[in-house]
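This report concerns only the one structure given below.
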């Protein structure tokens, strides 16, 4: 049976928490970083020296890389490419992918090794304590969580507007937008695997004591956030496409509302003791309200194409709701930015650049025209219900990798 212990970190281990994290397109509430583990003492009598050394080397590499990369995760503009053309984050992700098949040998069916090693992790932004657990499934869960956070950080880097060569305002390339959608799906896949296939392996009494970063509600919220931001990118590309109809844009916007609604439901039920968790809650709230502004706008524009007085009245109500949600989203955005650590939003682009201009203009125009045509009493005072579409964007079907071949050799030598 594993045990979990949360202990204060030594004062020498406290790191300076950033007061300002700069521009944010994709918010993530800090990296969880592993601390060094001695595999030789608990496993030396159970496994071959070569396998113990391999586990040690793979994890030690991650400890060093994560400690180096985590501080830069909140300053994405400062990232540099590694010497072979990739990024340090991508290198860390590959290191985790290399480690996982070897680590899984500790939790394979019938293994007595699951509760042998004490694994220790801490959140880079948490000065209160670290969480130690003598359960290898906790290590698997922590690895998957870090893999997902790396993906969200990579997506954030892609979606921060870059200065264009033509001298116009910074923008996000179509290639970066398409790549970010793939990365969002990958992050959601890691998180879904953690929720459905790893969390259930951890005894319920230990799950209650997991750090809040690994709470099921946080994992679900992050997964829905990834999908919601992926649909937002798709909506922006649809807006740019002359072939995309209003119906297509409305469907994407309505789906985006459902993803953010689920994220909001999961994270709003949690009580966070630190600013990063609360800031994450505000980010989800802001994006949820923003999504509703988009959905009601496109719903209103389609209703206005109708030929009846009723449809025109419903259109006006929907567009007025869109305008109110847009105003509310600006307040929610400001609250997010002002919650420590301070942040700022990059120059508007994509769906919200378009909608922040179109919603007030079209709402004002349609309201004026329809009020001239119909009596005030025929204009709905409440917004019509949004259509309910099935969610099309799904997480990658990520599955835990097969055991590393070194475990087969280990079994043969016993």
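Here, each number is a calculation from the coordinates, and none is a lab measurement. In this text, all values refer to a predicted model and were calculated from it rather than measured experimentally. FYI the Cβ positions are ideal-geometry reconstructions off the backbone, even for glycines, and counts take in every protein chain you see.
Data table
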item: Whole-Å semi-axes of the chain's equivalent ellipsoid (Cα gyration tensor); result: 46, 21, 20
item: Backbone N within segment 248-272 under 20 Å of label point (7 Å from residue 335 Cα along the Cβ vector); result: 257-272
item: Cα centroid separation - segment 174-197 against segment 224-273, whole Å; result: 14 Å
item: Shape box of segment 109-192 [Cα atoms, principal axes, largest first, Å]; result: 61, 33, 16
item: Most mobile listed residue (305, 53, 216) in the chain, GNM with C-alpha springs under 10 Å; result: 305
item: Two-site label geometry, residue 72 and residue 245: point separation in nm, points 7 Å out along Cα→Cβ; result: 4.7 nm
item: Choice from 260, 196, 286 showing the highest fluctuation, given a GNM over the chain with Cα pairs closer than 10 Å; result: 196
item: Packing-based order for 133-139, 345-351, using average beta carbon neighbours within 10 Å, highest first; result: 133-139, 345-351
item: 109, 362, 232, 182 arranged by Cβ crowding within 10 Å, fewest neighbours leading; result: 109, 182, 362, 232
item: Contour minus Cα-Cα distance for residue 309 and residue 111 (0.36 nm per residue); result: 64.3 nm
item: Kirkwood-based Rg to Rh ratio, segment 140-270, C-alpha trace; result: 1.06
item: Helix 309-338 vs. the chain, principal-axis angle (Cα, 0 to 90°, nearest 10); result: 40 degrees
item: FRET efficiency, 1/(1 + (r/R0)^6) with R0 45 Å, evaluated for residue 94 and residue 358 via beta carbons; result: 0.60
item: DSSP beta bridge pairing in segment 13-408, given as percent antiparallel to the nearest 5; result: 80 percent
item: R0 of 41 Å, Cβ-Cβ distance residue 368-residue 168: FRET efficiency to nearest 0.05; result: 0.75
item: Theoretical ellipticity at 222 nm over the chain - DSSP helices of four or more residues, -39500 (n - 2.57) apiece, nearest 500; result: -19000 deg cm²/dmol
item: Using alpha carbons only: equivalent-ellipsoid semi-axes of segment 276-407, gyration tensor based, whole Å; result: 38, 21, 12
item: Length gained when the stretch residue 179-residue 348 is fully extended (0.36 nm per residue, less Cα-Cα span); result: 58.9 nm
item: Paramagnetic reach from residue 60 in segment 29-51 [backbone N under 12 Å; point 7 Å along Cα→Cβ]; result: 36-40
item: Extended-chain gain in nm, criterion 0.36 nm per residue less alpha-carbon gap, residue 41 and residue 205; result: 56.4 nm
